[in-house]
Amino acid sequence: MSGFGLTSSVARMALGAALVGLIASPALAAPAPATTAQRAAQLQALTDCRKVAEPTQRLACYDKAAAALDEAEAKGDVVVVNREQARKVRKQAFGFSLPSISLFERGEKTEDVAATEGSIAEARKLPTGHWQIKLAEGGGTWVQIDSTEIPIDPKVGDHVKIRKASLGSYQMAVGNQREVKVHRVE
């Protein structure tokens with residue numbers, strides 16, 4: 001490849017972009033491919049190089065577009081997120097009312113996160129008598145919003161399960177105790 005003036009870094013970027021294109025191809029993914037309006041300009045410029053018929057000009061186009069994409073990614077203008085990272089973001093956002101973010105829904109049917117489990121990293125009783133519970137590993141901070149008593153005080157390390165309930169509310173059970181209504185605050 002060095003005979004064409006293609007550096008190994010640019011070659012890896014071009015190959016990576018080609019693989020992204022292959023993975024996102026209609027033959028392998030059920031949803032329609034992203035339209036030009038949804039794509040970053042740098043990625044669109046790279047995919048547009050496929051239309052160049054003459055091999056030397058096509059290679060020059062790929063070199064230029066891959067370098068621009070690499071630079072944009074390094075500066076943070078373009079962020080590359082793999083499928084597992086997108087799933088993790090959806091799971092971490094459990095409990096927040098967010099608008100639909102189609103960026104995290106492309107290329108696969110999204111699973112609706114109906115519940116989350118974790119362990120308590122921090123628990124404290126508020127002056128109102130309600131509990132504030134912070135979950136470990138990015139599970140967020142939840143505050144009790146009903147007057148249901150939790151018979152055994154929650155403590156660090158206790159297992160917690162939070163599930164979606166009716167009308168956009170959430171229920172939390174600490175260990176095997178009864179559920180209380182909660183709201184995510186962070």
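The values are calculated or read from the model by the stated rules, or taken from the named source; none is laboratory data. All values reported here derive from a predicted model rather than from experimental measurement. Quick reminder, even Gly has a Cβ in these numbers, built from the backbone with ideal geometry, and neighbours come from all protein chains shown. In case anyone asks, the SASA skips ligands and DNA or RNA and just uses the protein heavy atoms, side chains included. Shrake-Rupley method; radii C 1.70, N 1.55, O 1.52, S 1.80 Å.
General observations
- Taken across the stretch 106-118, residues that are at pLDDT 85 or above, more than 16 Å from the chain's Cα centre (by Cα) and either among the β-branched types (Val, Ile, Thr) or in a loop (DSSP other than H, G, I, E, B) (or both) do not occur at all.
- Residues of the stretch 129-156 that are of a type in the set (A, V, I, L, M) and open to solvent by 70 Å² or more (accessible area, probe 1.4 Å): Ile145, Ile152, Val156.
- Look at the stretch 165-186: where a residue is in contact (Cβ under 8 Å) with a residue 40 or more places away in the chain and a partner is among the aliphatic types (A, V, I, L, M) and loosely packed, with under 15 Cβ neighbours inside 10 Å, sitting 6+ places away or on another chain with Cβ atoms under 6 Å, you get His183/Ile145.
- Within the stretch 39-84, considering residues that are outside any helix (DSSP H, G or I) and surrounded by 12 or more Cβ atoms within 10 Å (Cβ to Cβ), the one modelled with the lowest pLDDT: Arg39
- Among the residues of the stretch 166-186, those identified as outside any strand (DSSP E or B), in contact with a strand residue (DSSP E or B) (Cβ under 7 Å, 6 or more places away or on another chain) and open to solvent by 30 Å² or more (accessible area, probe 1.4 Å) are Gly175, Glu179, Val185, Glu186.
- Of all residue pairs spaced 6 or more apart or on separate chains, none has beta-carbon atoms under 7 Å together with a first member in the stretch 130-150 that is in contact (Cβ under 8 Å) with a residue 40 or more places away in the chain and closer than 15 Å to Arg163 by Cα and a second member that is surrounded by 20 or more Cβ atoms within 10 Å (Cβ to Cβ) and of a type in the set (Asp, Glu).
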